[in-house]
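A.B. asks: Please see the structure below; I have some questions.
Read the figures in this text as sums done on the coordinates, not as results from a lab. Quick caveat, the model's predicted, so the values are computed rather than measured. Ideal geometry is used to build each Cβ from the backbone, glycine not excepted, and the neighbour counts take in all protein chains shown.
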Amino acid sequence: MGKLEARFTIRLSFPLLAHAVNQQPAVIKFADTKNTVSIEYPKPGPAPEKPELERFDEMVLRVERECTATQADTRAKLRDTFHMDTDAARAFWQFFEAIREAALRLDNTVFMYPVVPTHEIADNPLVSLCRVDWTFDGNPLVQSMARRGPPAIQLTDTWWIEAVNRLKGNQPVPVYTRFALDATYFAQRDPTRGIIMACAAWETTLRHYLAGVASNRDPAYLIAADSRGIGLLRKFAEAAKGCALLQDAIDQSTGRAKEHFEYARRMLNDLPKLRNKLLHEGEMEVTETNAVAAASAVLTAIDWFFGTP
């Protein structure tokens, strides 16, 4: 048996204000994967000349485990077999989450940098650049690099005109759409929070439809808008709409469009169950694909409820 090590050299997306030096590494031993992760105390360097490109301070994270030389040489299966990449990402966000909680508990301070659970360390918003060096008993195996560029704000003529007209007409973006957009954002960065925001968007959509649209035809729906639970709200909304959720859109479409509406309805059927598992069972594994699909399904339902006269 020998020692397989993955050394993650990380450039942070945010500046580091270090008020201590020479601290001992943070060590996490994961019993489920038998990997040991150590996070070294960062050593702030000089400010970069181009922070928008070079980003900020550097941290080193190491993942180690015992394995045979034959196992270590199977380079393409290192991630799937030993989960060293995912453990690096898991340790990284758990560490910064613990730092943020310590600041709150010890100094009543809440820091605003994002702390999210990701499966790939390079997907964490705290990371702008990550180099991974794999070694077995000190001998190099393979190296990889991942870079996150600064996000860009895009503008087009049509988007600008649409926004100008919306504000001119004193029509801000509805809260249910804002929640759904937030759900889409978190779905790609923190799937668990993405599901929570998708549920908030879905429930708010149903309440606003009943109170703001259906009640114009029958005042009883104003009372229905205060109903408890997504299931009952959906039942009243479907009654007001005159058909099951997305059913007329499904009946009037074919091919990929029909598949999209059917899939969206399945996701909305499952969304309350996912939310309940999160609330009643604590943390759960929510894949990015499901979280993105849930957010997309809510946006589809919003258009179905409010986009059709």
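A.B. asks: Relative to the Cα centre, what is the charge dipole magnitude of the chain, using +1 at the beta carbon of each Lys and Arg, -1 at the beta carbon of each Asp and Glu, and rounding to the nearest 20 debye? It would help to have the intermediate numbers written out before the result.
C.D. replies: Details: 37 positive and 39 negative charges, 88 e Å.
Using Cβ point charges on Lys, Arg, Asp and Glu, the chain gives about 420 debye.
A.B. asks: A further question on this structure: Shape call for the stretch 91-168 from the C-alpha gyration tensor, a ≥ b ≥ c root eigenvalues: rounded (a/c under 1.5), prolate (a/b greater than b/c) or oblate?
C.D. replies: Working: a/c = 4.78, a/b = 1.45, b/c = 3.29.
The shape class here is oblate.
A.B. asks: In percent, what relative contact order does the stretch 202-309 have, based on Cα pairs under 8 Å that are 6 or more apart in sequence?
C.D. replies: On the way: 77 pairs, mean separation 25.7, N = 108.
Here the relative contact order equals 24 percent.
A.B. asks: How long is the gain from Q143 to V213 if the chain were fully straight, where each residue apart is worth 0.36 nm and the alpha carbon distance is subtracted? Present the calculation step by step, with values, prior to reporting the outcome.
C.D. replies: Working: separation 70, 0.36 × 70 = 25.20 nm, distance 5.75 nm.
Between Q143 and V213, full extension yields 19.4 nm more.
A.B. asks: Mind giving me the FRET efficiency for D303 and V110? R0 is 45 Å, r the Cβ-Cβ distance, nearest 0.05 is fine.
C.D. replies: On the way: r = 36 Å, r/R0 = 0.80.
In this case the efficiency is close to 0.80.
A.B. asks: May I pose another question? Dividing the Cα radius of gyration by the Kirkwood radius, what Rg/Rh value follows for the stretch 188-309?
C.D. replies: Numbers: Rg = 14.6 Å, Rh = 14.9 Å.
Taking Rg over the Kirkwood Rh, I get 0.98.
A.B. asks: Just subtract the alpha-carbon distance of E281 and N165 from 0.36 nm times their residue separation and send over the number in nm, one decimal.
C.D. replies: On the way: separation 116, 0.36 × 116 = 41.76 nm, distance 4.52 nm.
My answer for the length gained is 37.2 nm.
A.B. asks: Rounding to the nearest 10 and keeping the result within 0 to 90°, find how far the Cα-based axis of helix 230-241 lies from the longest principal axis of the chain.
C.D. replies: 40
A.B. asks: Mind checking the angle between helix 157-168 and the chain's longest principal axis? C-alpha axes, 0 to 90 degrees, to the nearest 10.
C.D. replies: 60
A.B. asks: Rank by packing, highest mean first: peptides 219-228, 32-41, 161-170, 202-211, with packing defined as the count of other Cβ atoms within 10 Å averaged across residues. If you can, show how the numbers build up before the last one.
C.D. replies: Working: 219-228: 14.4, 32-41: 16.9, 161-170: 9.7, 202-211: 22.2.
Most protected by this proxy first, the peptides run 202-211, 32-41, 219-228, 161-170.
A.B. asks: Relative contact order of the stretch 139-279: what whole-number percent is it, with Cα pairs under 8 angstrom and at least 6 residues apart? Don't skip to the end; give the middle numbers.
C.D. replies: Values: 95 pairs, mean separation 20.9, N = 141.
Value for the stretch 139-279: 15 percent.
A.B. asks: If you fit an axis through the alpha-carbon atoms of helix 255-281 and take the longest principal axis of the Cα set of the chain, what angle between them do you get, 0 to 90°, nearest 10?
C.D. replies: 70
A.B. asks: A further question follows. What do the square roots of 5 times the Cα gyration tensor eigenvalues come to for the stretch 121-206, in whole Å, largest first, as semi-axes of the equivalent ellipsoid?
C.D. replies: Working: eigenvalues 323, 75, 8 Å².
Those come to 40, 19, 7 Å.
A.B. asks: Mind listing P(r) for the chain? All alpha-carbon pairs, 10 Å bins, whole percents.
C.D. replies: 5, 20, 25, 22, 16, 9, 2, 0
A.B. asks: Give me the one-decimal nm value for the distance between modelled label points at T68 and D133, 7 Å along each residue's Cα-to-Cβ direction.
C.D. replies: Label-label distance for T68 and D133, simple model: 2.8 nm.
A.B. asks: Could you calculate the contour length gain from R178 to L17, that is, 0.36 nm times the residue separation minus the distance between their Cα atoms, to one decimal place in nm?
C.D. replies: On the way: separation 161, 0.36 × 161 = 57.96 nm, distance 3.32 nm.
Contour length minus the Cα-Cα distance gives 54.6 nm.
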